[in-house]
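The values are calculated or read from the model by the stated rules, or taken from the named source; none is laboratory data. Note that this is a predicted model, so its numbers are computed, not measured. All Cβ positions, glycine included, derive from the backbone under ideal geometry; neighbour counts span all protein chains shown.
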Amino acid sequence: MATHEFAAQESHAHAAPQGFIRKWVFSLDHKVIGLQYYFLALAAVFVGMFLSLLMRIHLIWPTATLPLLGDIKPETYLTLVTMHGTIMVFFVLTTAPQGGFGNYFLPIQIGAPDMAFPVLNMLSFWTTFLGFVVMIAAFFVAGGAPLHGWTGYAPLSALQSAGPGEGLGADLWIISIAIFCIGALMGALNFITTTLDMRAKGMTMMRMPLTCWAWFVTAILGLLAFGVLLSGGILLLMDRNLGTSFFVPLVTINGQLTGHRGGSPLLWQHLFWFFGHPEVYIAILPAMGMCSQLLSVFSRKPIFGYKAMVYAIMAIGFLGFMVWGHHMFMSGMSPYTAFAFSIMTMAIGVPSAIKTFNWLGTLWGGRIRFTSPMLFAIGFVSLFVVGGISGPFLAQPVLDIQLHDTYFVPAHFHLIMGVASIFGIFAATYYWFPKMFGRMMNETLALWHFLFSFIGTYAIFMPMHYLGMAGMPRRYSQLTEVAYLHNLIPLQKFITYAAFVTIAGQLIFVVNLFWSMFKGKKASDNPWEATTLEWTTATPPPHDNFGGRTPVVHNGPYEYSVPGAPRDYVMQSDPEIKSAH
Amino acid sequence: MGLILLIIIWLITLVSTYFFVAKTWWLPVGASAAAPGIDHHFTVTFILMGVVFVVAQLALGYLVWLYRERGSSSSKVTYSHGNTTMEIAWTVLTTILFVGLNLASSSIWASERFRPAEANAVRVEVTGMQFAWYFRYPGPDGQFGATKPELEDASAGGEAALGLDTKDPASKDDVVTGTMVVPVNREVEVILRAHDVIHSFFIPTMRFKQDAVPGLAIHMHFTPVQTGDNEILCAELCGLGHYKMHGMLKVVSQQEFDKWMAEREAEKQ
């Protein structure tokens with residue numbers, strides 16, 4: 001295996017590029033591509049956040065006129081809902097943790113000079129970028145962006161006459177997602193091959209940092225899930241433009257026959273959620289890996305139950321493909337299948353709980369350093385717990401009767417796949433910024449950013465549980481038409497105010513990010529005293545990652561406070577220690 | 001910093017939990033036969049998950065404070081790679097908790113969704129279209145008349161909106177209304193249809209929700225046990241008027257229901 005690995009590495013070495021275009025635009029270097037993904041996600045997250053702010057404003061001041069947009073009509077609100085969800089899920093939560101940090105650090109952490117297929121890597125980024133451009137273009141075409149929600153349920157998404165935005169805007173939306181799928185598939189192939197074939201000598205699978213395990217399993221999920229969404233998207237485009245009826249039965253819009261017959265609206269839901277549920281784990285697994293890594297580094301303690309963590313990642317990935325039907329308990333699919341989907345969904349709580357126990361076990365008996373990445377890792381654990389425990393409510397069909405499509409659902413998924421993942425991204429940013437840019441981020445600003453984000457997140461999403469229990473449905477542009485919703489408007493107001501404050505707190509992050517890039521304190525090669533391979537190389541790493549040297553690995557990734565060792569950390573490339581496994 | 005984190009995490013836990021325990025916002029009043037069972041299971045799940053939430057958050061806050069770095073006075077770090085016995089213990093415990101919880105609720109689900117409606121149930125066909133609910137009663141003959149898509153005239157409302165074929169003898173006594181009226185303490189069989197896109201028939205007080213899907217006729221049932229007005233909502237995004245796709249379920253005594261139905265039939269003649 002080792003010989004094979006070296007052969008693979010040598011064949012992928014390429015000379016450092018000259019010139020701006022080859023170095024920073026059409027770069028083959030996984031580090032540059034990682035940064036490109038990261039900054040694409042950063043741009044996307046601000047678009048997505050801005051849209052959510054407009055939604056929040058409209059919900060509590062429905063008659064307010066907004067700059068640029070004027071009056072927000074009900075369909076405009078639904079457009080905001082749709083585009084916020086789509087942009088956040090695809091171009092932020094899928095793009096930053098995997099495309100961004102995965103690209104930059106997977107090869108370095110396993111001791112490889114680059115990804116297995118550098119050209120494919122470049123193509124996958126530019127494909128994703130193109131997808132983003134097409135998505136944004138949907139805002140500017142006649143009729144505007146679609147209003148069918150990020151889940152795009154047919155027939156609403158399949159019929160041009162179903163509403164404003166369901167014309168060219170909806171076509172662009174589907175095309176953008178299809179392009180994104182192609183980019184994600186290329187990326188997934190690259191990640192899997194790199195992990196399997198490019199590891200340095202001594203870097204056995206069970207010595208890989210948990211971040212690498214998370215990226216690896218995420219890539220497998222991506223490979224299996226995005227293909228299905230891509231096919232679903234193509235079928236939907238055909239229904240819309242070529243007169244096929246995959247998802248549309250005989251329907252009338254406003255009394256007018258549409259010419260479709262025989263299709264199944266539920267088929268779209270099956271295809272969509274077969275992708276959609278693994279997508280949740282595509283968003284959260286890298287954050288889990290990140291959090292595991294950081295809790296160990298900053299508790300100065302080995303991760304509690306490394307093997308259990310690896311098996312839990314695999315179990316989550318595996319079970320993640322068997323639970324898609326829990327989104328469809330109320331859809332009209334056979335109620336008997338709900339039993340199976342429900343049991344599998346509850347079962348996925350087990351590996352998730354194991355991970356939480358192990359995170360707490362890692363803190364136990366440690367010596368915790370409250371660095372900025374650690375704050376966000378601790379915040380992640382808290383959010384993972386609170387987002388996790390609402391899962392068993394929604395996973396039980398009996399309770400889903402009341403809670404399905406109420407605010408309880410956005411409360412659940414925003415906490416767990418949304419903000420918990422975002423906390424993973426923040427933690428990773430603060431942690432790896434010194435390696436990527438050679439400077440430290442400002443810790444005081446980071447602390448304020450953490451406080452705004454952590455408290456703000458609870459203030460925004462905790463009340464959404466209460467709204468959901470009280471029966472407030474999602475995706476309502478106005479709350480005035482249903483009598484019992486009037487009592488809940490004060491809670492909605494509170495959420496909007498909390499959103500204002502939390503979003504303002506994100507500006508601290510942006511200032512810190514760009515200020516530190518140029519003015520931050522110079523970073524040493526290993527400022528956090530961590531053990532993994534990225535900290536053995538120069539800051540920022542040279543083009544081939546290790547400056548002509550090929551690392552050899554002797555130890556596991558989390559050897560902290562080893563009894564008898566001269567320092568409280570033993571690098572993976574240090575001589576083998578007896579107590580390591 | 002450890003203390004700040006402890007205070008923040010504990011305070012957030014306390015405040016969040018307070019509003020749940022005080023039931024400041026809670027499930028709407030349950031007015032159907034299934035509501036007590038569903039609400040009870042909700043409470044059981046709520047207590048178990050609430051304990052997990054509180055214990056995990058308190059532990060997190062406590063651990064980060066207790067094991068904070070304290071310079072040279074810090075106690076020695078425990079060098080440990082984990083504990084297999086504990087891993088097995090909490091794997092087994094969480095499996096029992098989650099799967100057990102699930103099995104405990106399965107009989108309610110079965111009675112809600114596996115059995116067909118009783119023979120003496122009041123039958124109501126519910127049709128969703130952008131952006132209104134229509135309710136159709138079969139009349140004394142117990143038969144729903146035929147409907148035809150090409151006869152639909154949404155702007156005319158009522159029977160015309162459903163495309164009721166007046167040539168069909170079975171349709172003569174069909175009653176179509178914009179408000180759903182049912183007798184109390186009798187099972188209601190709903191037959192859910194949709195003309196255009198997916199809608200979802202949601203009556204919070206009845207603990208009832210089911211998507212209405214074009215191309216499908218979905219048979220469901222519920223039993224109201226209190227008289228009064230109940231709001232009906234659409235719970236599946238159906239287009240720009242989703243938020244105002246509102247209806248009303250009036251639960252009345254059997255006598256009032258019979259009287260109301262007789263009046264509607266008389267109007268038809």
Which ones in the stretch B:192-233 are aliphatic (A, V, I, L, M) and either at the interface with chain A (Cβ under 7 Å from one of its Cβ atoms) or farther than 19 Å from A:Thr252 by Cα (or both)? B:Val197, B:Ile198, B:Ile203, B:Met206, B:Val213, B:Leu216, B:Ile218, B:Met220, B:Val225, B:Ile232, B:Leu233
Tally of residues being over 32 Å from the mean Cα position of the chain (by Cα) and within 14 Å of chain B (Cβ to nearest Cβ) across the stretch A:542-580: 11
Mind counting the residues in the stretch B:152-176 that are crowded, with 19+ Cβ neighbours inside 10 Å and touching a Phe, Trp or Tyr at 6+ places or on another chain (Cβ under 7 Å)? 5
Could you tell me which of the residues A:Gly187, A:Gly227 is at pLDDT 95 or above, out of contact with any strand residue (DSSP E or B) (no Cβ under 6 Å at 6 or more places or on another chain) and under 22 Å from A:Ala112 (Cα atoms)? A:Gly187
Considering each residue of the stretch A:308-347, count those that are closer than 29 Å to B:Arg115 by Cα and either part of a helix (DSSP H, G or I) or facing chain B (nearest Cβ under 10 Å) (or both), and give that number. 24
Given the options B:Ala117, B:Ala121, B:Ala104, name the one that is under 24 Å from the mean Cα position of the chain (by Cα) and over 30 Å from B:Val175 (Cβ atoms). B:Ala104
For B:Met49, are the conditions met, namely being touching a helix residue (DSSP H, G or I) at 6+ places or on another chain (Cβ under 8 Å), more than 7 Å from every other protein chain (Cβ to nearest Cβ) and in a helix (DSSP H, G or I)? no
Give all pairs with beta carbons closer than 6 Å in which a residue from the stretch A:161-175 that is away from chain B (no Cβ under 14 Å) meets a residue that is surrounded by fewer than 23 Cβ atoms within 10 Å (Cβ to Cβ); count only pairs at least 6 apart in sequence or on separate chains. A:Leu168/A:Val141; A:Leu172/A:Val134; A:Leu172/A:Ala137; A:Ile174/A:Leu237; A:Ile175/A:Val134
Report whether or not A:Ala411 is within 14 Å of another protein chain (Cβ to nearest Cβ), in contact (Cβ under 8 Å) with a residue 12 or more places away in the chain and in a helix (DSSP H, G or I). yes
Residues in the stretch B:140-175 that are acidic (Asp, Glu) and not in a loop (DSSP other than H, G, I, E, B): how many? 2
Only unsatisfied item for B:Val188, checking (1) touching a Pro at 6+ places or on another chain (Cβ under 8 Å); (2) within 13 Å of another protein chain (Cβ to nearest Cβ); (3) among the hydrophobic types (A, V, I, L, M, F, W, C), is (2)
For residues that are facing another protein chain (nearest Cβ under 7 Å) and in contact (Cβ under 8 Å) with a residue 24 or more places away in the chain, scanning just the stretch A:468-483, find the one that is farthest from A:Gly505 (Cα to Cα). A:Gly471
Report, by residue number, each residue of the stretch A:529-551 that is more than 19 Å from A:Ser27 (Cβ to Cβ) and surrounded by fewer than 14 Cβ atoms within 10 Å (Cβ to Cβ). A:Gly548, A:Arg549
Pick from the stretch A:255-279, criterion in contact with an Asp or Glu (Cβ under 8 Å, 6 or more places away or on another chain) and assigned to a loop (DSSP other than H, G, I, E, B), ranking: farthest from A:Leu235 (Cα to Cα): A:Gly255
